[in-house]
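Here the structure comes first, spelled out in structure tokens, and everything after it is commentary.
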Amino acid sequence: MKRGLQGNEQEDGGGTSGGCQKTLKRSRKQRREKDLEDEEVRWECLPQEILLHVFQYLPLLDRAFASQVCRGWNEAFHMPELWRCFEFELNQPASSYLKATHPDLIKQIIKRHSDHLQYVSFKVDSSRESAEAACDILSQLVNCSLKTLGLISTARPSFMEMPKSHFISALTVVFVNSKSLSSLKIDDTPVDDPSLKVLVANNSDTLKLLKMSSCPHVSPAGILCVADQCHGLRELALNYHLLSDELLIALSSEKHVHLEHLRIDVVSENPGQQFHTIKKSSWDAMKRHSPKFNLVMYFYLYEDEFGPFFRDEIPVTHLYFGRSVSKDVLGRVGLNCPRLVELVVCANGLRPLDEELIRIAQRCTQLSAIGLGECEVSCSAFVEFVKMCGDRLTQLSIMEEVLVPDHRYGLDDIHWE
Amino acid sequence: MVVNTIHWFRKGLRLHDNPSLKDSIQGSDTLRCIYILDPWFAGSSNVGINRWRFLLHCLEDLDASLRKLNSRLFVIRGQPTDVFPRLFKEWQINRLSYEYDSEPFGKERDAAIQKLANEAGVEVTVRISHTLYNLDKIIELNGNQPPLTYKRFQAVINRMDAVEMPAETITSEVLKNCVTPISEDHDEKFGVPSLEELGFETEGLTTAVWPGGETEALMRLERHLERKAWVANFERPRMNANSLLASPTGLSPYLRFGCLSCRLFYFKLTDLYRKVKKNHTPPLSLYGQLLWREFFYTTATNNPCFDKMDGNPICVQIPWDRNPEALAKWAEGRTGFPWIDAIMTQLRQEGWIHHLARHGVACFLTRGDLWISWEEGMKVFEELLLDADWSVNAGSWMWLSCSSFFQQFFHCYCPVGFGRRTDPNGDYIRRYLPILRGFPAKYIYDPWNAPDEVQKAAKCIIGVHYPKPMVNHAEASRINIERMKQIYQQLSCYRGLGMDASLLATVPANSNFGGNGTNPRAVCTVTNEGAGGSSKDPSVQVGMSQTERAQSVQKRRHEETPLESSSKSWKQSK
């Protein structure tokens, strides 16, 4: 900071540091004092733009301390630019080890800064109270024009444990008032079709990202409405029961931008559940419209529920099997997933996956990451697998338990191959 | 001048390879070996009956061995800072020796005692013998930071000087003219207490499955090596149902208490390997068990917050759930999952469980199912597990809960499937949970799925005689993996709510967090969660028994060296 500036600031009346009221007229005594003062650094006269810049680097607590220094710094602390992003942490001592955002701070934000908020997230622990507190805050953000909203359960999905109507009305406040929502993350919440309609009615031009996995109150029609109206939607995450041919066609319509990311969770609620199929033509339409999109699928099914899957070619890029998956299914993956980039198999069973892995190495030419959990692969097959795609693999994570020594390789040998 | 020496036993409860004791005997006129029964046993008061019993066995064994040398063990109650000034005066002590303790709590305590000793004009002799190496040297060699991946650790180890030979065993020759003044009322004043005297209820207590003491340790070492030599195979054996049961050649508790010197084990393994494999240089994997232990001691030595999440620089801050009820069910073996409950029952009854069993229950408690903090699990293990000392226990829990050490979290142990694979017949379950004896193998791992007739025939109705499963594993693990992903995404400085496609890439390969979130270099981790290296003893540490097979290989994406032609591509490029 140039000392010379100090005098000029006062003259320009930059209106910066309110607490610094000095005139330029100085008596001889004052001039001598000024010389002394020149030696001191006048932090309180730092221009607000610079203060702002510095404050942006400080964590909230430090900023809050700084704001106690003088009126000027206090004003800077409350500048709108510093309140665009906020993460509300709502924890109860009985259910979490982490500290919550101080209630006084929350009050202050609602009082002084709700207009400034643009990128907001709520992190709640597993208690109902925390979820309700989040909704209370949401309900008060009437003057907000949010661009980003994230409702994040950090443990059990506590938004599902609160009264649905309370949640919906709080969420609706934001949807109606924001009008320029771009990113919305509402996984594990009781959001429903009517509220999605409200979302669409107010934010269809701006919505780019919608993450709503595990929202049991939404129907395929509800999400279709979003796809039909929100043509800027680039990233979408939902559960398989919401996926339909119509949805994929809507996302591939001419008016629609290229989709970048589609994540689908296939979850079995009850053993023996039946799942509908998606036509190959719908996937083809998606591929044509958005050739580079990532299709991420997480499967949490019992082994015998995979019937409808991987019968036809499917453009999946990232595949995760959260439970044990049969050799048969993995074999079909090798046949039908040419775009596969990452494969993670949590568990398989007792029979070695040798052929299936080799086939995947052969046919999934884009494969660059693989993770194997409780599976079995013979060492020879593993070596062969790595030889085939080692040069394109950037991630290879495999528990040693997985490797079964055979007549050609023991475990020590593997490492040097 | 008469030289009166105290040797202070803490760990290192042995007379073989005890360099601090041996060195301080030189030139001493009198020697008194003491053990201070510190209410803060090994840094915590959370100690169950099996651990106390093991310790008492060790002390009795020491006393017996010392008796053969015309000496005795002096067990003194109190805190070291109170005890020592008194003893220095009473016994006119001018020399004190003890084995170096690398743990932060130990270092602090010893610094205080050093100060007292200096004030009293007592010369202090400290030697390293609980670890293979001088841990500070390892840290120094690694740029003054403890290595945070096992691979890096091994690389540093390779550059260290050779492990020092074990010191000569204390015998009457070593003692020479050094005597121990023993009073008539020694047993009364300084005798090894019994469990009852310590306030434990011993009625109904079964014989110890793991008897403590140096004598037992050395016998086991011989058996352990015999078995290896006979098999002529230093490979890790595949896990089977038998591995779950306590082994008569298991060594981990003895290493922890110091009844067995790690250096002795190291050299005996080396000798045996050379004999059997005709003088080939032993691979690092031979010492897997010992090196893993060393790894955790090194990571912990300068980190007093090592056993906590809050304030621990190497621990990921994860929003674990606070749930005392759920924790109690887990700790007491009442989860409703027979695999988990049997393991926790064995742990409570015997004080040892197989390392893969540790993985299973640790995963279940933390990132797998209950989403409860690893610190809670660590405390339970501290109470019950014989070989769990501070560094290794905390380190292992952080490892297993994916809170540190760059562990992939995608894979979760299934509390039904995993046990079923290991012991299809379910004998292990029947042994530790007799209430489930009547269930056939088909249903013993998930008895809640058994039809009513089967339950009736087994005389065990689920929900009445044995609890229903406390969580839906599929649902819980699905939610939890999402949570872990969230946390790790935030760590890689990934801002915004945008979605990250890759699951595997969310875990950084090394401590170069941040940047743009994408690590262009390849990461290949072959994680060995099997038995510690090639030694038969299934484990030394809680759940973590990764040998050098946990290779973190950095391979540049564009450096395509065909694997056949270059073994270098598997080695770290760092």
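The values are calculated or read from the model by the stated rules, or taken from the named source; none is laboratory data. The model shown is predicted, which means the values in this text are computed figures rather than measured ones. Cβ sites come from the backbone with ideal geometry, for glycine too, and all protein chains shown count toward neighbours.
Before moving on, here are some points about what is shown:
- Taken over region A:377-387, the criterion of being among the hydrophobic types (A, V, I, L, M, F, W, C) and away from every other protein chain (no Cβ under 12 Å) is satisfied by A:A381 alone.
- Any hit, region A:388-405, residues being in contact with an Asp or Glu (Cβ under 9 Å, 6 or more places away or on another chain), within 7 Å of chain B (Cβ to nearest Cβ) and modelled with pLDDT of 80 or more: yes
- B:R322 within 14 Å of another protein chain (Cβ to nearest Cβ) and among the charged types (D, E, K, R): yes
Rundown of residues vs (1) over 19 Å from B:E475 (Cα atoms); (2) touching a residue at least 24 places away in the same chain (Cβ under 8 Å); (3) of a type outside the set (K, R), yes/no style:
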{"residue": "B:N279", "(1), (2), (3)": "yes, no, yes"}
{"residue": "B:H354", "(1), (2), (3)": "yes, yes, yes"}
{"residue": "B:A357", "(1), (2), (3)": "yes, yes, yes"}
{"residue": "B:L370", "(1), (2), (3)": "no, yes, yes"}
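- Count - residues of region A:52-72 that are surrounded by 14 or more Cβ atoms within 10 Å (Cβ to Cβ), touching a Gly at 6+ places or on another chain (Cβ under 8 Å) and part of a helix (DSSP H, G or I): 1
- Some residue of region B:302-317 being part of a loop (DSSP other than H, G, I, E, B), of a type in the set (V, I, T) and surrounded by 15 or more Cβ atoms within 10 Å (Cβ to Cβ): yes
- Test for B:N70: is it over 24 Å from B:D187 (Cβ atoms) and either in contact with a strand residue (DSSP E or B) (Cβ under 9 Å, 6 or more places away or on another chain) or surrounded by 15 or more Cβ atoms within 10 Å (Cβ to Cβ) (or both): no
- Taking residues in region A:103-118 that are touching a residue at least 24 places away in the same chain (Cβ under 8 Å), and partners anywhere that are surrounded by 17 or more Cβ atoms within 10 Å (Cβ to Cβ) and part of a helix (DSSP H, G or I), the pairs with Cβ atoms closer than 6 Å and at least 6 places apart or on different chains are A:H113/A:W83; A:H116/A:W83.
- Of note, B:P424 does not satisfy the criterion of being away from chain A (no Cβ under 14 Å), in a loop (DSSP other than H, G, I, E, B) and either surrounded by fewer than 19 Cβ atoms within 10 Å (Cβ to Cβ) or in contact with a Leu (Cβ under 7 Å, 6 or more places away or on another chain) (or both).
- All positions within region A:184-233 that are acidic (D, E) and in a helix (DSSP H, G or I): A:D193, A:D228
- The single residue among B:A229, B:A217 that is at negative phi and in contact with a Cys (Cβ under 7 Å, 6 or more places away or on another chain) turns out to be B:A217.
- Those helices (runs of 4 or more DSSP H) of region B:45-141 in which 2 or more residues are under 16 Å from B:N4 (Cα atoms) occupy B:80-90, B:104-119.
- Among all residues of region B:172-186, there is none that is out of contact with any Pro (no Cβ under 7 Å at 6 or more places or on another chain) and under 30 Å from B:V316 (Cβ atoms).
- Among residues of region A:106-131, those that are among the acidic types (D, E) and either assigned to a helix (DSSP H, G or I) or surrounded by 22 or more Cβ atoms within 10 Å (Cβ to Cβ) (or both), counted: 2
- Odd one out for A:Y97 among (1) under 30 Å from B:E375 (Cα atoms); (2) crowded, with 22+ Cβ neighbours inside 10 Å; (3) aromatic (F, W, Y): (2)
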